[in-house]
1. Considering every residue within the range 7-23, establish whether at least one is within 16 Å of the ligand (Cβ to nearest atom), at pLDDT below 50, within 26 Å of the chain's Cα centre (by Cα) and closer than 25 Å to F217 by Cβ.
2. Among the residues of the range 73-110, write down those that are part of a helix (DSSP H, G or I) and either in contact with a Lys or Arg (Cβ under 7 Å, 6 or more places away or on another chain) or open to solvent by less than 30 Å² (accessible area, probe 1.4 Å) (or both).
3. So R281 fits all but one of (1) closer than 29 Å to D199 by Cβ; (2) away from the ligand (no atom under 16 Å from the Cβ); (3) surrounded by fewer than 24 Cβ atoms within 10 Å (Cβ to Cβ); what number is the exception?
4. Can you tell me which residue in the range 300-319 is farthest from K407 (Cα to Cα), limited to those that are hydrophobic (A, V, I, L, M, F, W, C), under 23 Å from the mean Cα position of the chain (by Cα) and more than 14 Å from the ligand (Cβ to nearest atom)?
5. Mind telling me which of the residues F286, F292 ends up being within 16 Å of the ligand (Cβ to nearest atom) and crowded, with 24+ Cβ neighbours inside 10 Å?
6. Might you check whether a residue that is modelled with pLDDT of 95 or more, away from the ligand (no atom under 16 Å from the Cβ) and either more than 30 Å from A173 (Cβ to Cβ) or not assigned by TED's automatic domain parsing to the domain that holds K407 (or both) occurs anywhere in the range 257-274?
7. Looking only at the range 223-238, which residues are modelled with pLDDT of 95 or more, more than 12 Å from the ligand (Cβ to nearest atom) and touching an Asp or Glu at 6+ places or on another chain (Cβ under 9 Å)?
8. Take the range 335-380 and flag every residue that is open to solvent by less than 30 Å² (accessible area, probe 1.4 Å) and among the basic types (K, R).
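The values are calculated or read from the model by the stated rules, or taken from the named source; none is laboratory data. Values in this document were obtained by computation on a predicted structure and should not be read as measured data. Positions of Cβ are generated from backbone atoms using ideal geometry, with glycine treated the same way; all protein chains shown enter the neighbour counts. Quick note on the areas: whole protein, heavy atoms, side chains included, nothing else; ligands and nucleic acids left out. Shrake-Rupley method; radii C 1.70, N 1.55, O 1.52, S 1.80 Å.
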Amino acid sequence: MTMRTRTLVSLLAVAVLGCAARNPAAPPAGAPSTTSPSPLDQAAERYVKLVLALGQHDSAYVDAYYGPEAWAEEAKASPAPLADIGTRAAALTQELEALPVPADDMLALRRRTLVRQLGALSTRVRMLSGEKLSFDDESVALYDARSPHKSEAEFQAVLAELERVVPGKGPLAARVDAFRKNFVIPKEKLDVVFRAAIDEARRRTLEHISLPEGETFTLEYVTNKPWSGYNWYKGNAKSLIQINTDLPIYVWRAIDLAAHEGYPGHHVYNALLEKHLVRERGWVEFSIYPLFSPQSLIAEGSANYGIAVAFPDAEAFARDVLFPLAGLDPKLAADYVRVEKLTAKLDYAGNEAARRYLDGAFTRDQARDWLVRYALMSPERATQRVTFFDAYRSYVINYNLGRDLVKGFVERQGGTEEQPARRWELFHDLLSSPRLPSDLR
Ligand SMILES: [Zn+2]
């Protein structure tokens with residue numbers, strides 16, 4: 001999912017805590033033949049069933065699922081009360097924590113990730129039961145991360161620089177909006193521009209990451225959505241990528257959406273989790289993706305950092321390839337990209353607006369006005385963003401804080417822009433293993 005300015009479902013197999021009975025559904029091709037399921041395998045099945053059960057109470061919760069269909073039907077046929085789900089999650093967490101920490105690093109990561117994902121599930125049960133959490137408490141409980149607090153003063157320096165470079169007179173936000181209007185992709189050229197961006201993102205990604213045979217995506221244009229892009233993962237390394245055309249799409253966004261929803265973003269992350277963890281290791285817990293969980297910080301953070309990994313030369317690519325395709329003058333690209341890069345430095349203003357609005361310090365209108373003033377959004381986009389805050393609350397931190405945590409994690413290990421091969425390698429490893437946001441610090 002891309003905030004305006006997301007994944008989904010298909011099928012596979014597993015095992016059960018405490019009873020030897022194996023699920024009749026045949027394990028997918030390549031999944032390890034199982035003797036008796038390990039305690040972690042058994043816990044994983046119970047975890048998947050708990051996420052499915054909670055999904056009956058929260059339609060946005062299960063963002064992707066490609067485990068046994070029978071489990072999904074079971075959850076639907078006999079919905080468990082919220083309190084039961086909470087009790088079962090607490091019991092399973094206790095059992096997992098009582099298990100010895102495996103010597104194998106990947107198994108230790110698996111156990112810790114299961115415990116942390118269950119913690120987020122328990123928090124979501126409490127929220128759906130009416131408990132109110134502050135923005136920061138919620139983000140720590142759901143996404144294992146807390147967004148730094150930023151003051152108006154911290155955005156002033158960037159706004160002052162934009163005052164100097166954006167043409168025109170009057171309020172800066174209106175001038176930025178008017179300036180950007182020169183760089184909207186005409187509707188009739190959207191498809192050719194997006195396809196060029198996605199094809200190039202795919203070409204660059206496949207030079208460094210091998211994906212399952214037959215991996216592919218389909219592209220659709222939709223309207224009337226709270227998000228600007230969404231990846232619906234179909235399983236078997238196939239995605240449906242939807243682009244929302246309600247609002248004008250600027251040429252710079254084509255690279256963002258192509259890399260974020262496609263390559264090396266959500267499509268690649270889902271395909272690698274399916275390949276390396278579900279199919280090769282039989283770890284069924286990765287066949288389900290609970291949206292309000294720490295996995296979303298890794299998903300959104302890596303999808304956003306992936307833009308820089310695949311397009312370190314984004315300005316040149318936009319100027320030389322996308323501008324001509326969109327019928328825009330390449331000579332104007334440098335000034336335009338400078339404005340886009342500067343406004344991107346204001347993206348934590350979005351977290352501030354969300355925090356102050358959701359914690360009751362701002363009214364709806366105040367939050368909208370803050371986004372116009374400090375994030376330089378158009379009033380329409382700011383209004384929409386507040387709607388996004390209502391629907392997804394502290395989820396917003398996963399985009400920018402997630403990106404910065406992933407960036408720090410990769411670059412501290414030598415995966416800098418100057419070391420592209422190393423960067424791709426570390427990025428691939430991150431997408432192919434269980435990781436928690438607290439591991440990235
Ligand atoms: Zn996303």
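1. yes
2. A75, I85, G86, A89, L92, T93, L96, A108, L109, R110
3. The failed condition is (1).
4. Restricting to residues being hydrophobic (A, V, I, L, M, F, W, C), under 23 Å from the mean Cα position of the chain (by Cα) and more than 14 Å from the ligand (Cβ to nearest atom), the top hit is A314.
5. The match here is F292.
6. Taking every residue of the range 257-274 in turn, at least one turns out to be modelled with pLDDT of 95 or more, away from the ligand (no atom under 16 Å from the Cβ) and either more than 30 Å from A173 (Cβ to Cβ) or not assigned by TED's automatic domain parsing to the domain that holds K407 (or both).
7. Scanning the range 223-238 gives G235, N236, A237, K238.
8. Once the filter is applied, which keeps residues that are open to solvent by less than 30 Å² (accessible area, probe 1.4 Å) and among the basic types (K, R), the range 335-380 yields only R355.
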